[in-house]
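Accompanying notes for the structure given below.
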Amino acid sequence: SNSQQQQNSNTANNANNNKEEGPYYNDNGERIVGCIVGAFLPSTLPASRHHSSTTTQLEKSKRDDTASLLVPDHLVRKYSKMFYIMTLGTSRDFRRCGLGSLLVGRVVDLIGEEREECGALYLHVITYNLGAIRLYERMGFARVKEIKDYYTINSVNYDCFLYARYFHGNRGHKTTFGTLYDLA
């Protein structure tokens, strides 16, 4: 949706601003060195959250393309939730020391141990962020697809990759052949 793309633009602008301010501290005076922001979302996300009086019932019931890709229609009841990582970041002084892996690992543990209804953990990453791409692939995420012009940074459009990690038997976009290929 337009509001999501505007949020993507704002997030990308903030994440890619080379002037890192800080350091930042919480209310207890502790330095904040990293953060992860995410949310559980329904796997029944509608294709459009904006309906008009002319929107048909079929259009209202159609699922979002990403939701359909990550949780197949026949598994929506079993996997009623997905987790979306909106932002992951660490202070420059604390990069390449495992903090990003630790933060993502906490989410993975939460889903794997406590949330049987969650079939997928997913995120978007700008195509040139090779460090993040390596991190996600090392942590078992699979590249699902490339999305053209997902981010806008300083009035320039950039593509992103959609990455996902599946849980509790969900294979999402992976076919049986693809799963066997990954195991080989």
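For Gly119, are the conditions met, namely being under 25 Å from Val33 (Cβ atoms), within 16 Å of the chain's Cα centre (by Cα) and small (Gly, Ala, Ser)? Judged against the criteria, Gly119 is not a match. The selection criterion, being β-branched (Val, Ile, Thr), farther than 21 Å from Asp65 by Cβ, surrounded by 12 or more Cβ atoms within 10 Å (Cβ to Cβ) and in contact with a strand residue (DSSP E or B) (Cβ under 7 Å, 6 or more places away or on another chain), does not hold for Thr127.
Between Arg138, Arg106, the distinction of being basic (Lys, Arg), out of contact with any strand residue (DSSP E or B) (no Cβ under 9 Å at 6 or more places or on another chain), surrounded by fewer than 20 Cβ atoms within 10 Å (Cβ to Cβ) and under 30 Å from Tyr24 (Cα atoms) belongs to Arg138 only.
Based on what the data block shows, is Glu146 loosely packed, with under 11 Cβ neighbours inside 10 Å, more than 29 Å from Pro23 (Cα to Cα) and either in contact with a Leu (Cβ under 7 Å, 6 or more places away or on another chain) or not polar (S, T, N, Q) (or both)?
Values: loosely packed, with under 11 Cβ neighbours inside 10 Å: no; more than 29 Å from Pro23 (Cα to Cα): yes; either in contact with a Leu (Cβ under 7 Å, 6 or more places away or on another chain) or not polar (S, T, N, Q) (or both): yes.
Answer is no for this residue.
Across the range 3-43, what is the number of residues that are at pLDDT 50 or above and open to solvent by 80 Å² or more (accessible area, probe 1.4 Å)?
Initial filter on the range 3-43 (at pLDDT 50 or above): 8, 19-43.
Keeping just the survivors that are open to solvent by 80 Å² or more (accessible area, probe 1.4 Å) gives 19-21, 24-25, 27-28, 30-31.
Selection size over the range 3-43: 9.
Among all positions in the range 164-184, there is at least one residue which is part of a strand (DSSP E or B) and within 27 Å of Val33 (Cα to Cα).
Annotation note: Cβ proximity below 7 Å between a residue of the range 58-80 that is modelled with pLDDT of 85 or more and a residue that is assigned to a helix (DSSP H, G or I) (sequence gap 6+ or interchain) occurs for no pair. Cβ-Cβ contacts under 7 Å between residues 6 or more apart (or on different chains), taken from a first residue in the range 111-138 that is closer than 15 Å to Cys160 by Cβ to a second residue that is basic (Lys, Arg), are absent.
The values are calculated or read from the model by the stated rules, or taken from the named source; none is laboratory data. Here the structure is a predicted model, which means the values were calculated and not measured. Backbone-built Cβ (ideal geometry, glycine too); neighbour counts: all protein chains shown. Just the protein is used for accessible areas: all its heavy atoms, side chains included, with ligands, DNA and RNA removed. Shrake-Rupley method; radii C 1.70, N 1.55, O 1.52, S 1.80 Å.
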